[in-house]
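The structure appears right after this line, and notes come after that.
The values are calculated or read from the model by the stated rules, or taken from the named source; none is laboratory data. Everything numeric in this text was worked out from a predicted model, so none of it was measured. Cβ coordinates were reconstructed from backbone atoms using ideal geometry, including for glycine residues, and neighbour counts include every protein chain displayed. Surface accessibility is based on the protein's heavy atoms, side chains included, excluding ligands, DNA and RNA. Shrake-Rupley method; radii C 1.70, N 1.55, O 1.52, S 1.80 Å.
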Amino acid sequence: MPIEQRRRLVTAVPGPRSLELASRKQASVAHGVATTLPAYIVEAGGGILVDADGNHLIDFGSGIAVTTVGNAAPAVVRRAHEAVQKFTHTCFMVTPYEGYVEVAEKLAELTPGDHAKKSALFNSGAEAVENAIKIARVATGRTAVVCFDHAYHGRTNLTMALTAKDMPYKHGFGPFASDIYRVPMAYPYRWPGDAEHVTDEAFAQFESLVHVQVGENQVAAVIIEPIQGEGGFIVPPDGFLPRLAQWCRDNGAVFIADEIQSGFCRTGDWFACDHEGVVPDLITTAKGIAGGLPLAAVTGRAELMDAVHPGGLGGTYGGNPVACAAALGAIEEMQTNDLPGRARQIERIFRDRLGELAQRYPAIGDLRGRGAMMAVELVRPGTKEPDPALTGAVARACHARGLVVLTAGSFGNVFRFLPPLSISDDLLHEGLDVIAEAFAEVTGD
Ligand code: PLZ
């Protein structure tokens, strides 16, 4: 039975069944694993999440940019179902299977650039990032890695070192991996000085800091999210990414685009790098790649990928056959339904409606993003001082009305929207109505 694509609240959110489950969670799950909205989900599809009390919630989060093709998307379910009935695991490093190879072929075809490419598959985004750094170090014989303010690359030891934010990601978990250098991000809204000079000035700082503090010929890799995700959907101004990529080419460093959040149609292109024709040497993907099953990849120039000795890359589960089948299903959905085009339509709806809200509420300091990866940054009116308290209050008001929204940003003051691309226009508008109501309630407007 398809899920009715309408918001419907039959209890408070979370309702009694969810509260009961939340108390079992409290007793049995480590407190470090927190939940944004403790409505326990039993079914999902299109743009709706159904909770244990029978509430239909609108999904503006996609499980953090994962169910881009929709939850339980038909081609994902069909292919994963066929695969799981045949075999669940052999370990690709022991006795391989075709699905892994097919995913690698698809990645070579879809990722930016028409050079010879190869891939290695993993389970999580963090694992893909770790492996991209390993590959870059072996291929260059260098060790230093340059990353950016507001970056998020994961929660493992090396990726925590690359992630910028202390709380909650790094606090108390050190010491962190060494030989990591952080430079300022080209963040247009918060760049001191003139908007039109952000690219030049940010690039000049990058060049100078690397020269003084690292040494060009020590740099194995520069890693950046082409649109920063957890950091608050920060879109670098035109020219910044192409100049970093060029700097890497000129200095023998590997340019790594972390497209774990921005990739696979999310931004209105197959990959966010496509927007300016940037061709990374290595690209990391995960999340949207497999419609919800755990899969991640490093894809890159064949000569870099092949620099690692046989046996140097792997893992028990990497490229699990069911996850690979799901990825082939997700890619089929993206291709047959022109999901990059759908993401661009979603951007137009968000820009119109959020633009109206920004006119009305001076607390909305910035509206930004691309495709179905849009955000507003909330500040104290008349200043750029972050307002995380208002952000949290508006998010809670949305949750209580049955809209799943997420916050982000180094200062916790960014509201981000990541709907599945399978959501209907009606539900998008209803979700945006809820956001308007939530602003009105919280600001007493
Ligand atoms: N790189 C760009 O966005 C994951 C993290 C949620 P994993 N982002 C969501 C949380 O609080 O843990 C992410 C990302 C970018 C890497 C990762 C890491 O991907 O699959 O969560 O390991």
- Task: Mind scanning 25/170; 165/287; 25/118 and naming the pairs with a C-alpha gap bigger than 32 Å?
- Result: 25/118
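Of the accessible area of the chain, with the probe set at 1.4 angstrom, what percent is carbon plus sulfur?
Numbers: 9620 of 18140 Å².
That share works out to 53 percent.
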- Message: Tell me which of 440, 1, 362 sits at the most positive position along the dipole axis of the chain, charges placed on C-beta atoms (Lys, Arg +1; Asp, Glu -1).
- Response: 1
- Task: Select from 215, 314, 402 the residue whose mean-square fluctuation is largest in a Gaussian network model of the chain (Cα-Cα springs shorter than 10 Å).
- Result: 215
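Leaving out ligands and nucleic acids, note down the accessible area per residue over the chain with a 1.4 angstrom probe, in whole Å².
Working: 18140 Å² over 445 residues.
Roughly 41 Å² per residue, with all protein chains present.
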- Message: Multiplying the sequence separation of residue 429 and residue 205 by 0.36 nm and subtracting their Cα-Cα distance, what value in nm do you get?
- Response: 76.5 nm
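Need one word for the range 138-226: rounded, prolate or oblate. Basis is the Cα gyration tensor (sqrt eigenvalues a ≥ b ≥ c); a/c below 1.5 gives rounded, then a/b vs b/c decides.
Numbers: a/c = 2.36, a/b = 1.23, b/c = 1.92.
Note, shape of the range 138-226 comes out oblate.
State, as an integer percentage, the relative contact order of the chain based on alpha-carbon contacts under 8 Å between residues 6 or more apart.
Details: 940 pairs, mean separation 101.5, N = 445.
This gives 23 percent for the chain.
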- Item | Rough spin-label spacing in nm, given labels placed 7 Å along Cα→Cβ, for residue 94 and residue 26 | 4.3 nm
- Most mobile of 143, 407, 67 in a GNM of the chain (Cα contacts under 10 Å): 143
- Karplus (6.51, -1.76, 1.60) ³J(HN,Hα), θ = phi - 60°, over the range 117-133, in Hz, Gly and Pro reported as x: 10, 9, 9, 10, 10, 9, 9, 9, x, 4, 5, 5, 4, 3, 6, 4, 5
- Item | Cα gyration tensor shape of the range 321-445, rounded if a/c is under 1.5, else prolate or oblate by comparing a/b with b/c | prolate
- Note on the structure: Relative contact order in percent for the range 318-445 (Cα pairs under 8 Å, 6+ apart) equals 21 percent
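Taking the Cβ of residue 263 as the centre, find all other residues whose Cβ is under 12 Å away and add up their charges (Lys, Arg: +1; Asp, Glu: -1).
Working: positive: 266, 287; negative: 225, 258, 259, 269, 274.
It works out to a net charge of -3.
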- Item | Sites residue 138 and residue 105 - FRET efficiency at Förster radius 41 Å, r taken between beta-carbons, to 0.05 | 0.95
- Message: If I histogram all Cα-Cα distances within the range 87-167 using bins 5 Å wide from 0, what percent of pairs lands in each bin?
- Response: 3, 12, 17, 18, 20, 16, 9, 4, 1
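What is the sum of charges around residue 396, taking Lys and Arg as +1, Asp and Glu as -1, for the other residues whose C-beta is under 15 Å from the C-beta of residue 396? Provide the component values of the computation, followed by the final result.
Values: positive: 401; negative: 387, 437, 441.
Surrounding charge for residue 396 is -2.
Taking the Cα centre of the chain as origin, work out the dipole magnitude from +1 charges on Lys and Arg Cβ and -1 charges on Asp and Glu Cβ, in debye rounded to 20. Could you put the intermediate results ahead of the total?
Details: 38 positive and 52 negative charges, 205 e Å.
Using only the charged Cβ atoms, the result is roughly 980 debye.
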- Query: For the chain, modelled as a Gaussian network with Cα springs under 10 Å, which listed residue fluctuates most, 330, 221, 144?
  - Reply: 144
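Which value in deg cm²/dmol, rounded to the nearest 500, describes the helix-derived mean residue ellipticity at 222 nm for the chain, given -39,500 (n - 2.57) per DSSP H run of n ≥ 4 and division by the residue count? All intermediate terms of the calculation are to be shown ahead of the outcome.
Details: 13 runs with 163 residues, N = 445.
Computed mean residue ellipticity for the chain: -11500 deg cm²/dmol.
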- Task: For the chain, just the Cα set please: Rg and Dmax, both in angstrom.
- Result: 21.5, 63
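Run the numbers for residue 36 and residue 181: contour at 0.36 nm per residue of separation, minus the present Cα-Cα distance, in nm.
Working: separation 145, 0.36 × 145 = 52.20 nm, distance 3.14 nm.
Full extension from residue 36 to residue 181 adds 49.1 nm.
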- Task: Add +1 for every Lys or Arg and -1 for every Asp or Glu among the other residues with Cβ under 15 Å from the Cβ of residue 163, and state the total.
- Result: -3
